[in-house]
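Here's the structure, in structure tokens; my notes come after.
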Amino acid sequence: LLYIYDQLKSELEACQRSAAVWQRSAELCRQAYHTVPYSPSDHLTLLRRQNASTLTAPQLAVHRALFGWRDGLARSEDESCAYVLPNHILLKLAQAVPRTAEQLRLLCHPLPPLLNYHTPSLLETIAAAADGTAAAAPDAAATA
């Protein structure tokens, strides 16, 4: 890495762009990362982007619950939502409403790593949403 650093530095100095690169780097480092606030209605935006308007009411409840579950887990694990549960798998789970770990593994092959570890929690969330119980919509903001 030191060799690469030396090569980049010499090329930048040859082009007389070293100061501009350091200035841009300093500006970039000063930027603060801002987390996006959780909104339960954002799952509808995701559905519109995926052109998935044919979900039934129970499937829509499962989608909403999974969306909140994914956000809460992503924040607690400090991972992106796409890493925890990609959008296409989220939709697939909402459409199929799996009830067992075997059904889940058949739908999602390969199973994302965090999904594999949190399978019981995921299945509880799906079952609660499909049955219409209060545990279906966890407050993801509380886990942030």
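Below are the figures for this structure:
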item	result
Positive-end residue, the chain charge dipole about Cα centroid, Cβ charges, pick of Ala52, Leu115, Leu73	Ala52
0 to 90° range, to nearest 10: angle between helix 57-77 axis and the chain longest Cα axis	40
Cα centroid of segment 19-46 to Cα centroid of segment 59-80, whole Å	21
Segment 1-93: chymotrypsin sites (Phe, Trp or Tyr not before Pro) in DSSP coil with no more than 12 other Cβ atoms inside 10 Å	Tyr33
Three-way shape label, segment 1-62, alpha-carbon gyration tensor, a/c 1.5	prolate
Histogram of C-alpha separations across segment 48-139, 10 Å bin width, %	17, 56, 27, 0
His43, His109, His88, ranked by accessible area, largest first (probe 1.4 Å)	His109, His88, His43
Tilt relative to the chain, helix 119-131 - C-alpha long axis, 0 to 90 degrees, to 10	50
Backbone HN-Hα couplings from phi across segment 103-113 [Karplus 6.51/-1.76/1.60, Hz, Gly and Pro as x]	5, 4, 5, 5, 6, 10, 10, x, 7, x, x
With Cα atoms, 0 to 90° folded angle of helix 2-14 axis to the chain main axis	60
Taking segment 49-118 and dividing mean pair separation by its residue count, relative contact order in percent (alpha carbons under 8 Å, at least six apart)	33
Dipole magnitude of segment 15-144, debye to nearest 20 (Cβ charges: Lys/Arg +1, Asp/Glu -1, about Cα centre)	480
Per-residue [θ]222 nm for the chain (sum of -39500 (n - 2.57) over DSSP H runs n ≥ 4, rounded to 500)	-20000 deg cm²/dmol
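The values are calculated or read from the model by the stated rules, or taken from the named source; none is laboratory data. All of these numbers come straight from a predicted model, not from anything done at the bench. Note that each Cβ is placed from the backbone with ideal geometry, even for glycine, and that neighbours are counted across all protein chains shown. The protein model used for the area step is the full one, side chains on, heavy atoms only, and it has no ligands, DNA or RNA in it. Shrake-Rupley method; radii C 1.70, N 1.55, O 1.52, S 1.80 Å.
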